[in-house]
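Chemist: Right, I'll just put the structure down here and ask away after.
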Amino acid sequence: MEKIIYNFGTSFVNNYVYFHNDKMILIDTGYENDYDHFKKMMEKAGFTLLMIDYVFITHSHSDHVGFLKRLLEVNKKALIISSLEAKERMKTGQNQKAFYVGFLSSFLGKLNKSRISYPSIDDDKRFIPYTEQNKELLKDMLGGDIIETTGHTKDSLSLLLTDKKCL
């Protein structure tokens, strides 16, 4: 059965939400100041932030993890799924330093009135790191294969759902 995928993001950032095995999964948060928009869009569709079970982080840039800390403060049950490197990077609250990424993030951040840093997340109990050992478990939890897609960042992951939609 094809999954319904909602996008509660802004014109700059996609925030995909879908259900698998009665669990709500969020793909990335947006910039830190996108929180209110995301919450409003969720509520408009009949959902609440407390319904989110898993947050899959594709990589640790401010436009992908910006309001994650705030979300976790509201939703005490949500777990974070990311690469080990992204987990460590999120503890610093800083984007990786690469010229093209730094320039682009800075430019987009100014347009979006945001920063290239974000509130750090240092809660090991909330993380489920992607590893070879738990690859199959995560596939069952998320309803798709996690693919390492390094290039944009060293910690990038993508999710290929069983119905062949790639997020």
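The values are calculated or read from the model by the stated rules, or taken from the named source; none is laboratory data. As the structure is a prediction and not an experimental result, all values here were calculated from the model. All Cβ positions, glycine included, derive from the backbone under ideal geometry; neighbour counts span all protein chains shown.
Chemist: Quickly run through the range 128-159 and pick out the residues that are in contact with a Gly (Cβ under 6 Å, 6 or more places away or on another chain) and either part of a loop (DSSP other than H, G, I, E, B) or loosely packed, with under 15 Cβ neighbours inside 10 Å (or both).
Modeler: none
Chemist: For the range 2-31, name all the residues that are β-branched (Val, Ile, Thr), free of Cβ contacts under 8 Å to residues at least 40 places away in the same chain and surrounded by 16 or more Cβ atoms within 10 Å (Cβ to Cβ).
Modeler: Answer for the range 2-31, where residues must be β-branched (Val, Ile, Thr), free of Cβ contacts under 8 Å to residues at least 40 places away in the same chain and surrounded by 16 or more Cβ atoms within 10 Å (Cβ to Cβ): just Val17.
Chemist: Which of the following residues is in contact with a helix residue (DSSP H, G or I) (Cβ under 8 Å, 6 or more places away or on another chain), within 19 Å of Ser117 (Cβ to Cβ) and at pLDDT 95 or above: Leu49, Leu71?
Modeler: Leu71
Chemist: Further, regarding this structure: So, Thr29, is that one among the hydroxyl-bearing types (Ser, Thr, Tyr) and more than 16 Å from the chain's Cα centre (by Cα) or not?
Modeler: In short, no.
Chemist: Right, something else. Would you mind stating whether Gly9 is farther than 20 Å from Arg126 by Cα, in contact with a helix residue (DSSP H, G or I) (Cβ under 9 Å, 6 or more places away or on another chain) and at pLDDT below 95?
Modeler: Taking the combined requirement at face value, the residue satisfies it.
Chemist: So which of Leu84, Leu137 is touching a strand residue (DSSP E or B) at 6+ places or on another chain (Cβ under 9 Å) and either at pLDDT 95 or above or within 28 Å of Ile4 (Cα to Cα) (or both)?
Modeler: The unique qualifying residue is Leu137.
Chemist: I've got another one for you. Checking Phe38 against (1) at pLDDT 95 or above; (2) of a type in the set (Phe, Trp, Tyr); (3) in contact with a helix residue (DSSP H, G or I) (Cβ under 8 Å, 6 or more places away or on another chain), only one condition comes out false. Which one?
Modeler: It is condition (3) that Phe38 fails.
Chemist: Please state which of the following conditions Gly109 fails to meet, knowing it meets all the rest: (1) over 26 Å from Lys76 (Cα atoms); (2) modelled with pLDDT of 90 or more.
Modeler: That leaves (2) as the condition not met.
Chemist: Does any residue of the range 63-70 turn out to be in contact with an Asp or Glu (Cβ under 7 Å, 6 or more places away or on another chain), closer than 23 Å to Tyr130 by Cβ and of a type outside the set (A, V, I, L, M, F, W, C)?
Modeler: The answer is yes; a qualifying residue exists.
Chemist: Separate question: Checking the structure you have, find out if any residue of the range 35-52 is surrounded by fewer than 14 Cβ atoms within 10 Å (Cβ to Cβ) and either touching a Gly at 6+ places or on another chain (Cβ under 9 Å) or of a type in the set (Val, Ile, Thr) (or both).
Modeler: yes
Chemist: Next up: Taking Ala78, is it at pLDDT 95 or above, small (Gly, Ala, Ser) and under 30 Å from Asp163 (Cβ atoms)?
Modeler: yes
Chemist: For the range 136-165, name all the residues that are of a type outside the set (Asp, Glu) and under 18 Å from Asp53 (Cα atoms).
Modeler: Of everything in the range 136-165, those that are of a type outside the set (Asp, Glu) and under 18 Å from Asp53 (Cα atoms) turn out to be Leu137, Leu138, Lys139, Met141, Leu142, Gly143, Gly144, Ile146, Leu159, Leu161.
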